[in-house]
Amino acid sequence: MKKIHTIIFTGLIILGATSCKKYFDINTNPNDATSASPENILPQALTATGGSLNAFNTYGAQLGGYMANAGGYGAFGVAITYNFTTTNWTNLWSNVYDNLEDYQAIMDKAAIDPTYTYYSAVARIMKALDYQMLVDAYNDVPYTDALHGISKLSPEYMDAKAIYKDLASQLDTAISVINSGSSVLGIKALGGYDVLFKGNLSLWKQLANTIKLRLILHSSGKVTFANTTFSSDGFLTSDALINPGYLRDNNRQNPKWTTWAFSNTGAAGNKAWMPSTFILSFYDGTKLQDPYRGKASYYQFPQTPGNRLGVENSSVAPSPEGSLWYPATVRGGTTGNDTTGALKGPGAGMPVITAAESYFMQAEAVVRGILPAGDAAALFKNGITASFTYLYTKPDGKIAGSPAADAATYISTNASFLTDLSLAADTKQKIEAIITQKYIALNMVNSDEAWNEYRRTHYPTLVNTAGASGKETFASSVSESSRPDHLPTRILYPSSEGAYNSSNVPKNVGVFTSLIFWAL
Amino acid sequence: MRKLLPLLAVLVCIAFSASAQAQTISGRVVDKTGAPIPNASIVIKGTKSATVADADGNFSMKAGAGTSLTVSAVSYKPFNIKAQGTSMNITLESVDNLMNEVIVTAGGIKSKRKEIGTANTLIKPEQLIAGKSNSIAGGLQGKVAGLQISGTSGGVNPSFRLTLRGQRSLTGNNQALVVLDNVIVPNDILANLNPEDVEELVVLNGAGAAALYGSQASNGAVVITTKKGKKGITEVTFSNTTMFQTLSYFPKLQKKFGPGGSAYGTDVNGRPLFSYLENQSYGPEFDGIKKPLGPALEDGSQDSAIYAYNPGHLKFWVTGVTNQSDFSLQNGDEKSTFFMSGQYATTKGTTPGDKFNKTSVRVNGTRRLGNAIAATYSAAYIQNRYDITSRTGDMYVNLLNMPSNVDITKYKDWRNNKFANPNGFYNPWYQNPYFTADNNRLKNRNDYFTANVEVKFTPVTGLDLIARQGVVTKNYSGKNTVGAFNYTDFAKHTDGSSKTDIPASVADYSAYTTELLSDAFGQYNIKKGVFDFKIIAGAQWRQDQSKTVSVAANALAVPNLFNVNNGVGTPGVGEANYKARQIGAYGDIRIGFKDYLFLHATGRNDWVSILAPQNRSFFYPSADISFIASDAIPEIMEKTPVTYLKFRAGLSKVGQVNLGNSFTFGAYSLLPTFNQASGFPYGAMAGYTVGNTLVSNNLKPEITKGYEIGFDLNMFNDRFQSTVTWYDTKTDDQTVTTNISNATGFTNLLTNTGQTQSRGLEVTAHVTPYKTKNFEVTVGGNYTYLDNKVNFISADLPKLSLSSSGSANSYAIAGQPFPVIMGFDYNRDPQGHVIVDGITGLPTKADTISILGNGQPKNRLGLDGTIRFKNFRFTFLFEYRGGYQVFNGIGTELDWSGTGYRTGLYNRERFVFPNSVIADPSSPGKFMPNTNVTVKNGNGNNGFWTDGINRDVTSNYITSGKFWKLREVALAYDLPTSLLNKTKYIKGVTISAQGRNLLMWLSKDNYYTDPEFSAGGTDNNGIGLNSIDQAPPSRYYGGTITVKF
């Protein structure tokens, strides 16, 4: 009897063993791709950068004085006390590193297949931009140890200045790689996969130069760069806009429009915020007279309601559906579209660096002698005009009104050194004018850069005395900051780093005490 | 075979017996439920004179009145009675927990309980259905030592989490394997299977007992066998149950203060002012005067409420009703048995508008074909239908944000009542909860089909060849809808309004999972001298497959036409397919020595498709030993009150491949993926992102190794019965998806690391102190001690996040209980006092999170009792859990809204923070007790209670999780047979009244909710956290009438 069952048992085992391989060979993923080409990754990576830029804009706008809490909501908590914890703004960190990995994946593919050299070069440029944004928010961050996946699970942090220095070199490398691209046999063009410059490599080189200029200006002598000259491609003279084909559709809108104006369903965006009285003072005549960009940017200007950050009471006006940054008077979540200002519409591109900022950077670089030649006043004027042009431009690229004429009127009617560099008494005033105009130009465009520039230069000038009004300072009325300007100096490393990279994350970082290396 | 033995014995007896000079007596042998016991033997004591009852339990024999008779039947205790009259009704008691009882164990193999060297618990159907729980899981709660069943949510069809002996896998499945008629089924079957169909339920507590089930067995198993019909019994049963459901607990509220707060200013006495539109109840004390609510409407009308307490929060919830009808039929003869049943139940939930219904049908049977072949089959189809709100949490938040002077029920008719309509609803920030419930709906349908066929071929005596095919398939589909609401311009722009239009949306989905399970095994029994051998060898093939397709439109062209065809823009779509296979080859040998010593060993090798080829195959053995001391050593029985004593011990090793869940089966987990993201594709252009999960390249199964030892002890003629088991298991190579630094470019890493340990004590004891024909009392209980901890994870990853709710997180941390609750606490001095500021009286929040409690109950106790008096049966069951903490997610909302009891603790005045210290100005670094520095604003709205310093501090909402619950109480009455005999057809009528979870006693500091609730749902190991998404807990009570024909 026992034999029978031995036979059966053995039989089963043999049967199992012989057919096993085939029987078990079913573990191929039918749901998700397990590889992707640079052509597939690049468009998404650039668009994801557009998403991070939106998150950074919100952060910059709230810390840098463009926004205040609106009526109808409460519990703003640390958003008005500035007493941030490690759980605030964590998306800035996670979005950028997630995005960086996509650029890294492109570079890794190109290292094996040189026909992707152009993809690799633009990934390198975008990596530099991403890291610059990270350093400006967090100072030291994982850099050389980062993006190594499983081989470096606890990446060490690198000194911010050293990162800056390397980023500049990376940008130089990217430019030279692009220049030598034509020698690579069968090199693949970027074409439509490049949702930033549509494959225009000279614009990429201009972007690289412009980012490098930003690094050099930010670090103002605190970093010794390997090479402080720029390639002959020059700097951006047009707006660098990411646009994969944004449209009013589910998850395919311009992210800034979705956040503040309307979702594709017509549901209102975030109504808990409104313009600050501080920023409105640059349009309404308190500091400067600018009905042009005011009307192009704000709903019901000059009657646009504003608030001092931190003031929470029933007298604070609520924000209308679509927000006060949506200037159109005929408004509807599913009908309103295509207007001017910072939000413009669901199909507008996401600005990476605008021409206006590029011109203001060049102007500052000329004033400071970083660029050997150039007319600072002309560059400054170009910056103002470019800002008008950007804000007047509709999502489809058509320009409403005459920005150049309005800019000229703006400059002449205000007749202040803040609008006309030739009226500046000294270098200090020149810098103040440049940074202040940049502050106006970056309003809701790239707000984080304005916040960086405030921390670097302390312009625009604030009144820091007790009892200063909302027109005189953008600091929250309930700020818990111990700083003279009642502002925070930075945000904290995210709690995830404390939890998963605790041996490396810098300790004793304070919201009101620790400075980004370039900050004042 | 066994039934034949007494029959033969009796026949032999009859042959030799001389008929005495006596009258004819007759009677009927029945079991406790009144069902006939066929083939019972009735012997005149001390003689060979005997008879056998027929299939209906009837017998007649010649015996003198007063003659002592012994009535016996297989599986029943022998019963002595004096002969009397012609209508003796003899009730035999089944031999519960006794040595010779045969139960179904792993692999569907039947074994005598005395042979089994591992802990198990047998649950009889009457125990399961006494409280008329509409689910098996509910009916098992508190009844089995070592088995923890937690109702993780309330609602119309509550979900349950079943774990045996704690948690082993850090992030994988820890729920007990559920086996229905030899087919491994998804756990949610337990919430849907008709409990009335159950013939027998065996809980195999440990991995050792279940080892034959292979890699699913590490969590123990609940083995359910459904009724197949019995030979000689024809019975038709109808029953109807009506159960009511009402809230058993609602968070404790303050009843003194209405809307307003100090942000609206203060009166001359410094008291906060009233606000007619505020949701936060931080206004002045109630004064009984009618006050306005909200701004005047567009037509000038004004809502109002008397400024006095109104129990509106409680009246919002309605009395739920479940109506359940059951019928079943069973029949059997020499060749075949047959069972079929049907059930239909409709439920109206406690949440206004929630509805549910369930239908199930079952056909089971057996059939003998000749002498060598026996066939068994079972098939069941179960369907349920939900029509519930999809936003329980939001509805609850909105409800709590209505002050307690408002009669909430008057806002029910939001379509017609202008004050209840979203346009006119007084609160500009929080919706009318009735509207929230009504406007956000989920309609879900689940269809389960389970079936199993088995053929047993017995070519020669002692050898059985068995083949089985099982199938379980679940199809489900559903639709989520959100209705459109466009506010009037007036509503959008009155007083501080943040009302914004609600776009309509619809999401539709359908999915299936199908499991095919084939078994083929041989079983050979042979007796050699004093040894009994039972040898089993076999193999099992399993295939799991699933698919889901979903489609959603987040805006609709025609409002409230809820069809994705009516969507605007590109619909969101999803599709996922999974398939996994497994083969197991196993052997099992049991050697019995003189029927009192049993050695048992199993071995199984599994091959799985979801691991890399080099790790696909893994083997695990188990062994156990059972020694019946009371049989081996006759002195034990003779000289002590002991009637049964068994020692047992087992060792086991089981692997579990933990890569996925019951839908993905862990398929395709070995390679990182690229997904479309950021809105891609845009037109024809695709865009992929690198997935965020890294995978270690050598993933292996988790291995659980452990031992258990124990004994079963009965005394005083089995009037006292007990079992004691100690176990200790360690689980290595935990497959965990750990969070890693974003700077790696990824967020998660799937890898093998870490070890957990679970050890504990399981004790059951029952005593029958009083027992007569008419009156019997049995009380007892079960106790479980559980020490469940994480020994280590890995050097880089000292802790692992399992789930979160609000500011609380559930973590696995090396060296700590599994899991622990972590969150923010106040800064404290070394003695644990809260440090407060010497001027403001305010504490400060600690910078980092700390351990605030353990989420796993260390001690559990079930106390049960049965009292039978004549035709009445009264049963009860209490359950206690203690030695753990819970985070109450609702707490922050109660404090925010100001309706919570806690916010009124200090009468909204400034107060000295309890148990606090302030810095000693004379000696820096030292602290002194704070006796008089009060919190600067003891109100809310802009004071302490709504502030982050209160609401962001997790420890404020951590309470002891201990509770006592009156799980079940039932009183049943069997109509006397004398009454029924007048009708020709009715065999029995039972009327019962029963209640479940009638009473709940919580820890004093817990004024929130049922500590059993889990925010992570049934599958999450991060227990100990609840949230506002769980509606308040319910009690159930009602009655049943059962008629047997």
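The values are calculated or read from the model by the stated rules, or taken from the named source; none is laboratory data. The structure presented is a predicted model; accordingly, all values stated were derived computationally and were not measured. FYI the Cβ positions are ideal-geometry reconstructions off the backbone, even for glycines, and counts take in every protein chain you see. SASA here: full protein model, heavy atoms, side chains in, ligands and nucleic acids out. Shrake-Rupley method; radii C 1.70, N 1.55, O 1.52, S 1.80 Å.
Just tell me, in residue order, which DSSP H segments of chain B are both 15 angstrom or longer along the helix axis (alpha-carbon based) and at least -0.5 in mean Kyte-Doolittle hydropathy.
B:4-16
Given a cut-off of 32 Å, name the pairs among B:K112/B:K773; B:K48/B:K228; B:K62/B:K982; A:K21/B:K653; A:K256/B:K252 whose C-alpha atoms lie farther apart than that in the structure shown.
Over 32 Å apart, Cα to Cα: B:K48/B:K228; A:K256/B:K252.
Would you tally the net charge around B:L1025, using a Cβ to Cβ cut-off of less than 15 Å, leaving B:L1025 out, and scoring K and R as +1, D and E as -1?
Charge balance in the 15 Å sphere: -4.
As an exercise, find the ratio Rg/Rh for the protein assembly as shown from alpha-carbon atoms, using the Kirkwood inverse-distance average for Rh.
1.03
Please state the shape class of the stretch A:13-500: rounded when a/c is under 1.5, otherwise prolate if a/b exceeds b/c and oblate if not, all from the C-alpha gyration tensor.
Note, shape of the stretch A:13-500 comes out prolate.
What average number of partner chain Cβ atoms lie no more than 10 Å from the Cβ of the residues making up A:30-43?
6
Give me the lysines in straight-line cross-link reach of A:K188: C-alpha distance below 27 Å, same-chain residues under 8 apart excluded.
A:K109, A:K127, A:K198, A:K205, A:K212
With axes computed from alpha carbons, what is the tilt in degrees of helix A:201-219 against the longest principal axis of chain A, rounded to the nearest 10 within 0 to 90?
Orientation of helix A:201-219: about 70 degrees from the principal axis.
Using Cα pairs under 8 angstrom and six or more residues apart, how large is the relative contact order of chain B, in percent?
Relative contact order here is 11 percent.
What does the charge add up to near B:V318, with Lys and Arg as +1, Asp and Glu as -1, over the other residues with Cβ less than 13 Å from its Cβ?
Taking every Cβ under 13 Å from that of B:V318, the sum is +3.
Summarise the accessible area of the stretch B:499-633 (1.4 Å probe, protein heavy atoms) by the percent that is carbon and sulfur.
62
Please return the longest range in chain A lying between exposed loop sites, taking trypsin sites (Lys or Arg not before Pro), DSSP loop only, at most 11 other beta-carbon atoms within 10 Å, and leaving the sites out.
Here the longest run is A:1-221.
What angle do you read, to the nearest 10 degrees and between 0 and 90, between the alpha-carbon axis of helix A:376-392 and the longest principal axis of chain A?
The answer is roughly 70 degrees.
Within the stretch A:414-501, what whole-number % of the accessible surface is contributed by carbon and sulfur, with the 1.4 Å probe and all protein chains included in the calculation?
C and S atoms contribute 52 percent here.
Residues with beta-carbon under 12 Å from that of B:D732, excluding B:D732: net charge, scoring Lys, Arg +1 and Asp, Glu -1?
Cβ neighbours under 12 Å give a net charge of +3.
What nm value, rounded to one decimal, do you get for the distance between B:T47 and B:L314 when each label is placed 7 Å out toward the C-beta?
The answer from the label model is 6.8 nm.
Per residue, how much accessible area does the stretch A:13-500 have with a 1.4 Å probe, in Å²?
33
For the stretch B:638-719, report the accessible area per residue in Å² (1.4 Å probe, heavy atoms, rounded to an integer).
43
Give the interface area between chains B and A as buried accessible surface, both sides summed, probe 1.4 Å, in Å² to the nearest 100.
Counting protein atoms only, the buried area is about 6400 Å².
R0 = 60 Å: FRET efficiency of B:K730 with B:I867, Cβ-based, nearest 0.05?
0.90
Hey, with R₀ at 41 Å, roughly what FRET efficiency would B:R719 and B:I851 work out to, going by the Cβ-Cβ distance, to 0.05?
Once rounded, the FRET efficiency stands at 0.30.
Taking chain A as the reference, fit the longest principal axis to its C-alpha atoms, fit the long axis of helix A:447-457 to the helix C-alpha atoms, and give the angle between the two in degrees, 0 to 90, nearest 10.
That works out to roughly 60 degrees.
Between A:A111 and B:F449, how high is the FRET efficiency from 1/(1 + (r/R0)^6) when r is the Cβ-Cβ distance and R₀ = 51 Å? Nearest 0.05.
Rounded to the nearest 0.05, the efficiency is 0.45.
Any idea how far apart B:R367 and B:K255 come out in nm if each label point goes 7 Å out from Cα toward Cβ?
Reported label-point gap for B:R367 and B:K255 is 6.6 nm.
Of B:K143/B:K1004; A:K344/A:K438; B:K132/B:K355; B:K335/B:K358, which pairs sit farther than 22 Å apart, going by alpha carbon to alpha carbon?
B:K143/B:K1004; B:K335/B:K358
Give me the number: length gained by fully extending B:F238 to B:K82, i.e. 0.36 nm times residue separation minus the C-alpha to C-alpha distance, one decimal in nm.
Result: 52.6 nm gained on full extension.
How far is it, in nm, from the label point at B:Q302 to the one at B:N563 when both lie 7 Å from their Cα along the line to the Cβ?
4.9
Lysine pairs, Cα distance under 29 Å, 8 or more residues apart or cross-chain: how many in the stretch B:456-595?
Total qualifying Lys-Lys pairs in the stretch B:456-595 comes to 14.
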